[in-house]
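Trainee: This is the structure, below, for whatever I ask next.
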Amino acid sequence: MIILSKSAINPTNIQPSEITSCEVFDNRRHFIKAAGFGLAAGSALLLSAKARAANVAGGALSNGTTEGDGRLLGRANASAKVDKLATKAGARIKINDYKKTAYGAGEKVTKYEDVTTYNNYYEFGTDKSDPAKYSSQFKSRPWTISIEGEVKKAKTISIDELMKLAPLEERIYRHRCVEAWSMVVPWVGLPLASLVKWAEPTGNAKFIEFISANDPQTMPGVRSPILDWPYTEGLRMDEANNPLTLLAVGLHGELLQNQNGAPVRLVMPWKYGFKGGKSIVKIRFVEKMPLTTWVKSGPNEYGFYANVNPNVDHPRWTQSSEKPIGVGLFGGRIKTKMFNGYTEQVGQMYAGMDLFNNF
Amino acid sequence: MNKQQILYVKVAVWVLALLPLARLFWLGFNDNLGANPVEFVEHSTGTWALVFLLITLSMTPIRLLTGQVWQIQLRRMLGLFMFFYACLHITTYVWLDFAFLWDELLIDVTKHPRILVGFAAFLLTIPLAVTSNSYMIKRLKTNWKKLHQLVYVIAILAVVHFLMLVKKDLTEPIYYAVALILLLGIRLYYKYQAHSKAILKAKAMLKT
């Protein structure tokens, strides 16, 4: 992977004063409090405490050490314990083993509370607050992902196997919604390219289709035909292999919450947020461009590429500027950048393409 | 209802009508407006403008259905509260949402039908608010009534604005659309009734 210089990947115009300060310290404090209470009162109580927390290793399982601020999970049964913890709604499970990267260095990340309560995840409801409220029945573990289509390794892998395909890393990315708001999210995940490499696509694989969970029992939103379920997204093969494209399994150093797309979701920071399929159950390698959910629902409004582009307006929302989340009532707006500021990393993939018609 | 009682009702409505604004201040001071406070205030003030518009439009159907007339005296105040919340709505949009970025605003209003429709509705409320005082009522005479029939256009535009705003789930704006259809339907029904009664009467007179 190309390691980018700090200046190359940080062309931000976000003023530190405009964004709520990083809440990592605060989170840790909550975490220590919860863990401390748990240790004092016994592990049973910890499991039932409101702010459940545990240390787990991402990718490789925990090597048995903790930072002293959480539960110790042994190598053998860590995965089972994570599964058990993750079934508890709102459980906050820390990821130990991930490396920090230069991506997004200097960006002020949006606070945890905002990232986990302001979500578009229509499977749990159409209001931004619905996913956090109505996703507690959803079971994100145990979890398997079926790899299908034009690949040599057409098989089903578990989320734990997926997390071991490459070392987990933290990528701080700007996140731009088509509704003209934005966040800065510290994702934890692995490059989609590592999964593509592992799956060994055949020469016929030109696109990848990503299919999200569709369970009416635990996802109240899919009971109504607001969209054509299951939620389907897609990428061109070069987009999938772009070093920026991430299979995220966590954010703010913890495993993803249900409302953020647990246990695994796509993140392409140069595309509008809806391209990032959540709670992925199927990854299908195909020859033809997949018909994606939002394109099906409004072909004049949503395109397959959906690259952030301030010059191509949307019939509903202005795309030349955006509202950063976390700046408060008087924080104003910022100008939206081409490819959300990631032109250097992704621009060449669209060289010569008419971006007005291929929106 | 006597004058004294009407006064009490007016004071009560006035206080109640300010509660939505008080709530916003309360939530704002307690940092409780959510991750996107501007959107919250924008939606809240817009919703309340529409609610007051529909309440204003229900005074006549109440008269038609119950024969009560006292509530008609509340209509001007309710209409002005609609204007008040519409002003807050547009102020939120121009100031808090778009931070007076006039070039951005121009694009937003002209390129997006939902904004254009909402903006048109707001512009049309201005002449109604300006002519809502007794002096103008007297001065405009029969024209006043004609002018104030614009309220029906405003109501339709406002509901369409809401319908166009949602990305996919039309449930909430549809409640408002149904309410408006009912309020206008009751009026049309009674108008039609009165019209056919008048025809019957005329026919009967011709026979005798």
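The values are calculated or read from the model by the stated rules, or taken from the named source; none is laboratory data. Computed from a predicted structure; not experimentally measured. Reconstructed Cβ throughout: ideal geometry from the backbone, glycine too, with neighbour counts over all protein chains shown. Surface accessibility is based on the protein's heavy atoms, side chains included, excluding ligands, DNA and RNA. Shrake-Rupley method; radii C 1.70, N 1.55, O 1.52, S 1.80 Å.
Trainee: Restricting attention to the range A:100-125, and to residues there that are touching a helix residue (DSSP H, G or I) at 6+ places or on another chain (Cβ under 7 Å) and hydroxyl-bearing (Ser, Thr, Tyr), which single residue is farthest from the other protein chains (Cβ to nearest Cβ)?
Mentor: A:103
Trainee: Of the residues that sit in the range B:17-46 and are assigned to a loop (DSSP other than H, G, I, E, B) and open to solvent by less than 20 Å² (accessible area, probe 1.4 Å), which one is farthest from residue A:127 (Cα to Cα)?
Mentor: B:33
Trainee: Right, here's the next one. Could you give me the residue pairs with C-beta distances under 8 Å whose first residue belongs to the range B:168-179 and is open to solvent by less than 70 Å² (accessible area, probe 1.4 Å), whose second residue is hydrophobic (A, V, I, L, M, F, W, C) and not in a helix (DSSP H, G or I) wherever it lies, and which are 6+ apart or on separate chains?
Mentor: Filtered contacts from the range B:168-179: B:168/A:226; B:168/A:227; B:169/A:226; B:173/B:166.
Trainee: Residue under question is residue A:344, and the condition is that it be at pLDDT 95 or above, open to solvent by 30 Å² or more (accessible area, probe 1.4 Å) and either within 12 Å of another protein chain (Cβ to nearest Cβ) or farther than 27 Å from residue B:165 by Cβ (or both); does it hold?
Mentor: So residue A:344 passes the test.
Trainee: On to the next question. For residue A:335, which of the numbered conditions (1) at negative phi; (2) touching a helix residue (DSSP H, G or I) at 6+ places or on another chain (Cβ under 8 Å); (3) not aliphatic (A, V, I, L, M) fails to hold?
Mentor: For residue A:335, the exception is condition (2).
Trainee: For residue B:97, work out the one condition from (1) more than 26 Å from residue B:77 (Cα to Cα); (2) open to solvent by less than 60 Å² (accessible area, probe 1.4 Å); (3) free of Cβ contacts under 8 Å to residues at least 12 places away in the same chain it doesn't fulfil.
Mentor: (3)
Trainee: Can you tell me which of B:69, B:130, B:153 is under 11 Å from the mean Cα position of the chain (by Cα) and surrounded by fewer than 16 Cβ atoms within 10 Å (Cβ to Cβ)?
Mentor: Residue meeting the stated conditions: B:153.
Trainee: Report, by residue number, each residue of the range B:1-47 that is within 14 Å of chain A (Cβ to nearest Cβ) and among the β-branched types (Val, Ile, Thr).
Mentor: Once the filter is applied, which keeps residues that are within 14 Å of chain A (Cβ to nearest Cβ) and among the β-branched types (Val, Ile, Thr), the range B:1-47 yields B:38, B:41, B:45, B:47.
Trainee: While we're here: Out of the residues in the range B:99-112 that are at the interface with chain A (Cβ under 7 Å from one of its Cβ atoms) and assigned to a helix (DSSP H, G or I), which is farthest from residue A:320 (Cα to Cα)?
Mentor: B:111
Trainee: In addition: Being more than 10 Å from every other protein chain (Cβ to nearest Cβ), modelled with pLDDT under 95 and assigned to a helix (DSSP H, G or I) is the filter here, so list the residues in the range B:113-134 that pass it.
Mentor: B:134
Trainee: Something else now. With respect to residue B:60, is the statement that it is in contact with a Ser or Thr (Cβ under 7 Å, 6 or more places away or on another chain) and touching a residue at least 12 places away in the same chain (Cβ under 8 Å) true?
Mentor: Here the answer is no, as residue B:60 does not meet what is asked.
Trainee: Still on this structure: For residue B:196, all conditions in the list (1) among the polar types (S, T, N, Q); (2) modelled with pLDDT of 95 or more; (3) more than 22 Å from the chain's Cα centre (by Cα) hold save one; what is the number of the exception?
Mentor: (2)
Trainee: Of the numbered conditions (1) closer than 15 Å to residue A:355 by Cβ; (2) without any contact (Cβ under 8 Å) to a residue 60 or more places away in the chain, residue A:302 fails exactly one; give the number of that condition.
Mentor: With (1) closer than 15 Å to residue A:355 by Cβ; (2) without any contact (Cβ under 8 Å) to a residue 60 or more places away in the chain applied to residue A:302, the lone miss is (2).
Trainee: Just to be sure, is residue A:356 outside any strand (DSSP E or B), of a type in the set (A, V, I, L, M, F, W, C) and surrounded by fewer than 15 Cβ atoms within 10 Å (Cβ to Cβ)?
Mentor: Criteria met by residue A:356.
Trainee: Ok, one more. Among the residues of the range B:144-161, is there at least one that is out of contact with any Leu (no Cβ under 7 Å at 6 or more places or on another chain) and within 14 Å of chain A (Cβ to nearest Cβ)?
Mentor: The answer is yes; a qualifying residue exists.
Trainee: Could you list, in sequence order, the residues of the range B:162-191 that are within 14 Å of chain A (Cβ to nearest Cβ), in contact with a helix residue (DSSP H, G or I) (Cβ under 7 Å, 6 or more places away or on another chain) and assigned to a helix (DSSP H, G or I)?
Mentor: Passing the criteria: B:162, B:163, B:164, B:165, B:173.
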